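Below is one structure; the comments refer to it alone.
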Amino acid sequence: MTPQPQAAVGAPLTRVDARLKVTGQARYAADFDADGLVHAVVVDSGIGLGRITSVDTTAALALPGVLTVLTHLNAPRLPYGPNPGMATPPGERLHVLEDDRVRFHGQPIAVVVATTLETARHAARLVRVEYDAEPPSTDLSTAADDTPVTYERGDAERALRSADVRLELTYRTARQHHNAMEPHATVARWDDGRLTVWQKTQWIHGAQAELAAVFGLPEDAVRVVSPFVGGAFGNASRIWPQGVMAALAAREVDRPVKLVLSRRQLYFGTGYRPGYEYQVRLGSDGQGRLTAMTHVMRAETSRYETFQDDILSIGQMLYDVPAVTQDWRTVPLDVSTPTFMRGPGGATAAYAVESAMDELAWELGLDPVELRLRNEPDRDPTSGLPFSTRRLRECYARGARAFGWHLRDPKPRSTRDGDWLIGTGMATGAHPSWSVTSLAHVRLDADGTAVVQSATSDMGPGTYTVMTQVAADALGLPVRAVRFELGDSTMPPPVGHGGSMTTPSVGSAVQDGCAKLRGEAVALAVKDEESPLFGVAADDVVVADGRLYVRDEPARGETYRSLLARSGRDRLEADGEYVPAGLPFSTHSYSVTFAEVAVDARLGLVRVRRMLGVYDVGRVINPKLADSQAIGGMIGGIGQALLEHTVTDHRDGRIVNANLADYLVPVNADIPDLKAIYLEGEDDKVARIGAKGLGEVVHVGVAPALANAVFHATGRRIRELPITADALL
Ligand code: MOS
């Protein structure tokens, strides 16, 4: 078909849902209501491991308005059928209220249902639980690990022995919690054995499949509705036990139930980025050509599920290293199961690898950018496949120029501004461009407006807006004539909203459906004797602003509206599909982050002065939303590098900073000028739409850029995140 004019794609459109959000009309899970709705509050375990010996609910049940208190003593057992696929990690998910065992501190062990939230909260505090407690094992650094996942190419040990320069370094990263603005929330209602949940989720059909499996229902007996998500960063990619408890409670009291976790509860029994120990050895020749790299990694997981994020890619494919080994072990602990968090695995691996590269550059007296250029591969070193696009050389050149990188004095501790030591650092990031089969549905109404649907989510990146832009261009409609709808399991299933897959996969499905519908309209017009387009070759017709016309003769044409009116149709419909072509290419998004910090060495204070990200992410559908992602990714990296740390008291497994006063996240005052540059172009090998995915790669490599800048400022190499004041003193 003739290429469509691109009017919306590439434009810095403001979010189409911006007004709904800023006026409070956007409805998040907890905003939903239902007739007869009652409230549930979860009771969490006060020990880290052991058994519940008694539960006394007398006082709670005596409170007027309390409908029930469900515990393992009176709750019905649920089927917990298998749910193959990505929805849960290997292992056996936590079965709520099934037995007297406590597996981690803060495990949900009871749920109180009452007619008001206040009553439910009060009653939850009146539930008396006694335990037989055992000491939990929650310390990654001392616990035993599982069978490793390994990778090997070349003979790394031999290459290390003969290397001119050898480094052996150990890095540590803290456990992090996602801390999205919106808490996890569920409103659950049963109608004749069918379950509807208004649920915070990044994966509508994943949530549907999981609830169906847990309750032993056919999938179509569960409906999941989630039109808005107030941030998630990966934490809403699965249903947590409390979501199941809401549905169970609703069934037991036979009324719709609302269950919202408190900020504190978000730290217990929902996922987190696992803490890691990451040991890396590098070997290089005298010119900085890497000859070997070995990686030994240990990561937290729970005892009941083995969670694994993509820790391996970076170590395998970022540099052209002939000999690589990886040995990756999960460490089962008495903790809840971790989950994906923005740049899952990659952000952790990049911290270790990109810090080690900076240490090597210093050892060799080479510029860190130059060191990376000397190790830039021509093909994917893991698969041997050509890259679809990999434009890191351009990223380095553009970034270094824009940042003023080469003005730096390479010597650490060489630049001062009053009491502040000034340093700059850089690091590289990559994230696989996965794409997964996705479906969409398009309807054009007689009034010339279109509704496009796919059951994806918008946790903040701007799915509503981006899909509207893609659809508008593919249909030849103005943006205001297109409405994109998402967040309902009755809509066609796309890939889960994660892994930076939404724009490439869902966008391609939307584009496909819209192009099909446009083609149908054009075919109708050129065959209709009464149409001004009668007899024109379909390939010569384009559509813009809702009007079909001959490309080289714009005066000849008609609108969708007149076409539909004359042909007596009230609508045209089409199904869009995206199926990955599985082309033999290595597909990744890339980033290079430059950072400048100021460190007051006497106080151990680190202030970020400016950052620049340069991105090779294929086509950018909306530069304004891309900036919002890039800035958010950099801010997340500032948190990872300098602030965020979930602290566990290993004596009883309690998370001691389970609140936003003690768990530090960056605030406005921590954030300097942040700039983003996107290389122009597209990657048509990843997905039809030309985009490679953006949301994760903007976060990968940010923390090491900052850590490297702290080293350059101070001459001190801190090999543990976050870099805190006491580490620098
Ligand atoms: Mo992302 S960590 O897949 O939300």
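Values for this structure:
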item: Failed criterion for GLU118 (all others in (1) without any contact (Cβ under 8 Å) to a residue 12 or more places away in the chain; (2) in the same structural domain as PRO76 (by TED's automatic domain parsing); (3) part of a loop (DSSP other than H, G, I, E, B) hold); result: (3)
item: Unmet criterion (only one of (1) at pLDDT 95 or above; (2) touching an Asp or Glu at 6+ places or on another chain (Cβ under 6 Å); (3) at negative phi) for PRO89; result: (1)
item: Sole residue being among the hydrophobic types (A, V, I, L, M, F, W, C) and more than 37 Å from the chain's Cα centre (by Cα), chosen from LEU63, LEU70, LEU78; result: LEU63
item: Evaluation of TYR396 against (1) of a type outside the set (Val, Ile, Thr); (2) assigned to a loop (DSSP other than H, G, I, E, B); (3) touching a residue at least 24 places away in the same chain (Cβ under 8 Å) (one fails), failing number; result: (2)
item: Test for ASP155: is it surrounded by fewer than 24 Cβ atoms within 10 Å (Cβ to Cβ), at pLDDT below 95 and either in the same structural domain as LEU259 (by TED's automatic domain parsing) or away from the ligand (no atom under 16 Å from the Cβ) (or both); result: no
item: Failed criterion for LEU169 (all others in (1) within 28 Å of ALA75 (Cβ to Cβ); (2) surrounded by fewer than 24 Cβ atoms within 10 Å (Cβ to Cβ); (3) of a type in the set (A, V, I, L, M) hold); result: (1)
item: Tally, over segment 213-250, of residues that are farther than 19 Å from THR502 by Cα, touching a residue at least 40 places away in the same chain (Cβ under 8 Å), away from the ligand (no atom under 16 Å from the Cβ) and touching a Gly at 6+ places or on another chain (Cβ under 9 Å); result: 6
item: Filter pass, LEU318 being buried (at least 24 other Cβ atoms within 10 Å of the Cβ), away from the ligand (no atom under 16 Å from the Cβ) and either closer than 16 Å to THR291 by Cα or modelled with pLDDT of 95 or more (or both); result: yes
item: Matching residues, segment 661-703, being acidic (Asp, Glu) and under 18 Å from PRO461 (Cα atoms); result: GLU696
item: Qualifying positions in segment 476-504 - within 13 Å of the ligand (Cβ to nearest atom), of a type outside the set (S, T, N, Q) and over 19 Å from GLU577 (Cβ atoms); result: GLY498, GLY499
item: Test: residue in segment 670-693 that is without any contact (Cβ under 8 Å) to a residue 40 or more places away in the chain, more than 16 Å from the ligand (Cβ to nearest atom), crowded, with 18+ Cβ neighbours inside 10 Å and of a type outside the set (Lys, Arg); result: no
item: Only listed residue being assigned by TED's automatic domain parsing to the domain that holds VAL620 and small (Gly, Ala, Ser), chosen from ALA598, ALA525, ALA537, ALA574; result: ALA598
item: GLU370, sole failed condition from (1) charged (D, E, K, R); (2) within 16 Å of the ligand (Cβ to nearest atom); (3) more than 21 Å from VAL149 (Cα to Cα); result: (2)
item: All positions within segment 419-454 that are of a type in the set (A, V, I, L, M), within 17 Å of the chain's Cα centre (by Cα) and in a loop (DSSP other than H, G, I, E, B); result: VAL436
item: So LEU533, is it surrounded by 20 or more Cβ atoms within 10 Å (Cβ to Cβ), within 30 Å of GLY234 (Cβ to Cβ) and not acidic (Asp, Glu); result: no
item: Among (1) touching a helix residue (DSSP H, G or I) at 6+ places or on another chain (Cβ under 6 Å); (2) part of a helix (DSSP H, G or I) - the single one VAL280 does not satisfy; result: (2)
item: Which numbered condition VAL9 fails, given (1) aliphatic (A, V, I, L, M); (2) touching a strand residue (DSSP E or B) at 6+ places or on another chain (Cβ under 8 Å); (3) modelled with pLDDT of 95 or more; result: (2)
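The values are calculated or read from the model by the stated rules, or taken from the named source; none is laboratory data. From a predicted model like this one, the values you see are computed outputs, not experimental measurements. Positions of Cβ are backbone-derived with ideal geometry, glycine not excepted, and every protein chain shown enters the neighbour counts.
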